[in-house]
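Q: Below are the structure tokens for one structure; questions will follow.
Taken together, the values in this text are just the output of simple stated rules run on the coordinates, not laboratory data. Just so you know, these numbers come straight off a predicted model, no measurement behind them. Cβ placement follows ideal geometry from the backbone for every residue including glycine, while neighbour counts extend to all protein chains displayed.
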Amino acid sequence: MEELSNCPNCGELFVRNNHRDLCQKCWKEEEASFETVYKFIRQRENRTATIEQVVEGTGVEEELILKFIKSGRLKVASFPNLGYPCEKCGTTIQKGKLCEPCADTLKKELDRFSIEEERRREIDKKATYFAANNKYRS
């Protein structure tokens, strides 16, 4: 669905749709940056470049290169040293939001939490509650 929005880069008013979240001018600039990055890393000597080397070689901002990787426009399988930081520890990863160790730790914590919650539910089922009624005490 199309809606009126302000461009997050320049603030210009534009019609936002499912395919673009930038105004036409900024989108063209982003496409030109993508082409620059893609041409750079396609060169044989640059296929093993890191993000920092791509930034240095192209002049394109790191955040924009990370956006290309996260959106799947740059296929990191072909470029082994390209990646983006794990959202928890900052280790360079090529897919998902967390590296394997952080994902494993999170899964273990969730499993431990689930077990603890189940144990609490079982205790609550077995618990007997007594109400004190002082009216009938002598």
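Q: Of N46, N17, N81, which is the most mobile in a GNM of the chain whose springs link Cα atoms less than 10 angstrom apart?
A: Of the options given, N17 has the highest mean-square fluctuation.
Q: As a check on your grasp of the helix formula, calculate [θ] at 222 nm for the chain: sum -39500 (n - 2.57) over DSSP H runs of n ≥ 4, divide by the residue count, round to the nearest 500.
A: Value at 222 nm, helices only, nearest 500: -15000 deg cm²/dmol.
Q: Would you please give the residues with an amide H less than 5 Å from that of I93, counting only those at least 5 places away or on a separate chain, with H modeled from the backbone geometry?
A: Under 5 Å from the amide H of I93 lie the amide H atoms of Y84, C86, each far enough along the sequence or on another chain.
Q: Which one, (i) 2, 8, 12, 12, 11, 10, 9, 7, 5, 5, 4, 4, 3, 2, 2, 2, 1, 1, 0; (ii) 2, 9, 16, 19, 18, 15, 10, 6, 3, 1, 0, 0; (iii) 2, 10, 20, 24, 23, 16, 5, 1, 0, gives P(r) over Cα pairs in 5 Å bins from 0, in percent as derived from the coordinates shown?
A: Here the calculated entry is (i).
Q: Another question, then. Across the chain, how many lysine pairs, 8 or more apart or on two chains, come within less than 14 Å at their alpha-carbon atoms?
A: 10
Q: Running a GNM on the chain with Cα contacts under 10 Å, which residue among T36, T105, T58 ends up with the highest mean-square fluctuation?
A: Checking each option, the largest mean-square fluctuation is seen for T105.
Q: Also: Among the GluC sites (Glu not before Pro) in segment 42-113, which ones are in a DSSP loop with at most 12 other Cβ atoms within 10 Å of the Cβ? Mind listing them? Each step should come with its number before you reach the end.
A: Values: sites: E45, E52, E56, E61, E62, E63, E87, E109; in loops: E61, E87.
Here the GluC sites (Glu not before Pro) that fit, given the DSSP loop and packing criteria, are E61, E87.
Q: On to the next question. How do D21, D111 rank when sorted from fewest to most other Cβ atoms within 10 Å of their own Cβ?
A: Result, fewest neighbours first: D111, D21.
Q: Under 5 Å between amide hydrogens, which residues at least 5 positions from L74 or on another chain qualify, with H placed 1.01 Å from N in the peptide plane?
A: Amide H neighbours of L74, under 5 Å, 5+ apart: I69.
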